[in-house]
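The values are calculated or read from the model by the stated rules, or taken from the named source; none is laboratory data. Quick caveat, the model's predicted, so the values are computed rather than measured. Virtual Cβ from ideal backbone geometry, glycine too; neighbours counted across all protein chains shown. SASA here: full protein model, heavy atoms, side chains in, ligands and nucleic acids out. Shrake-Rupley method; radii C 1.70, N 1.55, O 1.52, S 1.80 Å.
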Amino acid sequence: MAKTKEQAAPKPATMSMDDAARELGISRCTAYQCAKLGQIPTIRLGRRLVVPRARLEAMLRGEVDQKAAA
């Protein structure tokens, strides 16, 4: 039986830069450039740079991040 949206596994809280680039329809290189300029929200975990899914989705909806706006 196929899973419904409610039964589907929850998405992780963060995504890799490669996954974020794929979701945004941009290249990996462009994604890293945008992250460096602060245009894509990121968190550094050790040597990894990850994108918080909720903040990226809020950015795409046009919601302003209060921390970044201050």
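Pairs only if they're at least six apart or on different chains, beta carbon under 7 angstrom, first in segment 37-53 and at pLDDT below 95, second surrounded by fewer than 17 Cβ atoms within 10 Å (Cβ to Cβ); list them, first residue then second.
Taking only residues 6 or more apart or on different chains, not a single pair turns up.
In segment 16-36, what residues are open to solvent by 30 Å² or more (accessible area, probe 1.4 Å) and in a helix (DSSP H, G or I)?
Of everything in segment 16-36, those that are open to solvent by 30 Å² or more (accessible area, probe 1.4 Å) and in a helix (DSSP H, G or I) turn out to be 18, 19, 22, 23, 24, 28, 29, 30, 32, 33, 36.
Quickly run through segment 41-55 and pick out the residues that are in a loop (DSSP other than H, G, I, E, B), under 22 Å from residue 10 (Cα atoms) and not polar (S, T, N, Q).
Applying the first criterion (in a loop (DSSP other than H, G, I, E, B)) to segment 41-55 yields 41-42, 46-47.
Those still in the list that are under 22 Å from residue 10 (Cα atoms) too: 41-42.
Result: 41, single match.
Working only within segment 1-15, note down all residues that are open to solvent by 60 Å² or more (accessible area, probe 1.4 Å) and either at pLDDT 95 or above or closer than 18 Å to residue 58 by Cβ (or both). Steps first, please.
Start the filter on segment 1-15 by keeping residues that are open to solvent by 60 Å² or more (accessible area, probe 1.4 Å), which leaves 1-7, 9-13.
Residues satisfying the conditions are 10, 11, 12, 13.
Return the residues of segment 44-65 that are β-branched (Val, Ile, Thr) and open to solvent by 70 Å² or more (accessible area, probe 1.4 Å); say none if nothing qualifies.
As a first pass, look at segment 44-65 and keep what is β-branched (Val, Ile, Thr): 50-51, 64.
Of everything in segment 44-65, just one residue is β-branched (Val, Ile, Thr) and open to solvent by 70 Å² or more (accessible area, probe 1.4 Å), namely 64.
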